[in-house]
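These notes are about the structure you will find just below.
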Amino acid sequence: MKITKSLFGRTKDGIEVNLFTLENDNQVTVKITNYGAIITSIETPDKNGAITNIVCGFEKLETYLSDEYLGSYPYFGCICGRVCNRIAEGKFTLEGKNYSLAVNNGPNHLHGGLIGYDRRLFAAKVIQETEKVGVKLSYLSPDMEEGYPGNLKITCTLTLNNANELTLEYSAETDKTTIVNLTNHTYFNLAGNGQILTHDLELAAKSFTKSEGMIPTGEIVPVEGTPFDFRTKKKLGKDIAGLADGYDLNFVLDNNEGQLVYAGNLSEEATGRKVEVYTTQPGIQLYTGYWIPELTIDGQKKFGSYSGVALETQHYPDSVNKPQFPTVILAPNQTFYEKTVYKFGAK
């Protein structure tokens, strides 16, 4: 196993941004930049040994910074925070004080605001051990950044091992009571191109958070008898016709104790590739990428609707306004910690 560091580009302020390339002994390669803690590429072999990038991402920093990409921003591969997913109307109350955040997704707050962690530069420390290689990314989010209270120190540690496991570990500490919900927004396409509607998905979820206008009502609803039933493996496109914008929904993993549990697996028959997901989080957002834009990159049209599927392990959307949901509140004497593992293979 090895890790290498290279220049990925420069920000518009001229600051250097690095790319970290993690390689194991099984031809699995993961590329991560310290801009937004973005996973830019994951290359894995298929059942015949052919190696392809299986996630949506770019080869140059300037593409992530481009107006075309940010104009209809799909958050390729990044860390989302301080609070991922949606907060209703961008409003919440904490310890008797009212807070208002940016409204950047219809009437709601999404993925940390106008400049979330997805657009921040992280300090990076290389990890090179016998059993794994990786990078530890750190960021100090100042008090009231994007409207959130408290100086929040976060770390996101990404490591790859020879079991073909990419492990993401998030931790955070605050000096004032705040809210935290971190996820990674990688989109998978196990074929490497085309749409993901023929991919097979299984989720270990018996229920989901019922939503209206993309905000949970507070009701937990069984998946049985709905298009949201993935307890048995089925193709993403099987029941999608009745959903105007495809799948974009939080599934309940019944994991309130924070154990590392099996959340599901995604597979693609033609290549034999699969990815299993394990997490300590209580929920997983399935988003089939209906709103992914078609982009012209170096003269070539790429991506577009349904070109990737995101499996975002997380706490539930709008949890701060739903006391019955697992809490996203973090106090000064507490440490936030969550872990997600993506395990790659080919049948």
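Restricting attention to segment 39-86, the residues that are among the polar types (S, T, N, Q) and over 24 Å from Arg273 (Cα atoms) add up to 4.
Residues that are over 19 Å from the mean Cα position of the chain (by Cα), at least 3 per element: which strands (runs of 3 or more DSSP E) completely within segment 267-347 meet that? Before the answer, list the steps.
Values: elements: 273-279, 283-287, 294-297, 300-303, 309-314, 336-346.
Where strands (runs of 3 or more DSSP E) fall fully within segment 267-347 and carry at least 3 residues being over 19 Å from the mean Cα position of the chain (by Cα), they are 294-297, 300-303.
Only one entry in Ile154, Ile127 is aliphatic (A, V, I, L, M) and surrounded by 22 or more Cβ atoms within 10 Å (Cβ to Cβ), namely Ile154.
Pro74 satisfies every condition listed in (1) surrounded by fewer than 17 Cβ atoms within 10 Å (Cβ to Cβ); (2) on the phi < 0 side of the Ramachandran plot; (3) in contact (Cβ under 8 Å) with a residue 60 or more places away in the chain except (1). Out of the residues in segment 18-54 meeting the condition of being farther than 24 Å from Gly113 by Cα and within 16 Å of the chain's Cα centre (by Cα), tell me which one is surrounded by the fewest Cβ atoms within 10 Å (Cβ to Cβ). Selected residue: Ser41.
Counting just the residues of segment 294-316 that are among the acidic types (Asp, Glu) and more than 15 Å from Thr183 (Cα to Cα), which one comes out surrounded by the most Cβ atoms within 10 Å (Cβ to Cβ)?
Restricting attention to segment 294-316, the residues satisfying the condition of being among the acidic types (Asp, Glu) are 294, 298, 312.
Then keep just the ones that are more than 15 Å from Thr183 (Cα to Cα); that gives 294, 298.
On the way: Glu294: 11, Asp298: 9.
The qualifying residue surrounded by the most Cβ atoms within 10 Å (Cβ to Cβ) is Glu294.
Of the residues that make up segment 147-154, is at least one in contact (Cβ under 8 Å) with a residue 12 or more places away in the chain and out of contact with any Phe, Trp or Tyr (no Cβ under 9 Å at 6 or more places or on another chain)? Checked segment 147-154: at least one residue is in contact (Cβ under 8 Å) with a residue 12 or more places away in the chain and out of contact with any Phe, Trp or Tyr (no Cβ under 9 Å at 6 or more places or on another chain). In summary, Tyr187 fulfils each of the numbered conditions (1) in contact (Cβ under 8 Å) with a residue 60 or more places away in the chain; (2) on the phi > 0 side of the Ramachandran plot with the single exception of condition (2).
Please verify whether Lys238 is within 30 Å of Ile32 (Cβ to Cβ), free of Cβ contacts under 8 Å to residues at least 40 places away in the same chain and surrounded by fewer than 15 Cβ atoms within 10 Å (Cβ to Cβ), treating the condition exactly as stated. Even if it seems obvious, please write down each step before you answer.
On the way: within 30 Å of Ile32 (Cβ to Cβ): no; free of Cβ contacts under 8 Å to residues at least 40 places away in the same chain: yes; surrounded by fewer than 15 Cβ atoms within 10 Å (Cβ to Cβ): yes.
Judged against the criteria, Lys238 is not a match.
The strands (runs of 3 or more DSSP E) found wholly in segment 155-263 and carrying at least 1 residues that are farther than 30 Å from Thr21 by Cα, among the charged types (D, E, K, R) and modelled with pLDDT of 95 or more occupy 207-212, 215-222, 248-252.
The values are calculated or read from the model by the stated rules, or taken from the named source; none is laboratory data. The model shown is predicted, which means the values in this text are computed figures rather than measured ones. Virtual Cβ from ideal backbone geometry, glycine too; neighbours counted across all protein chains shown.
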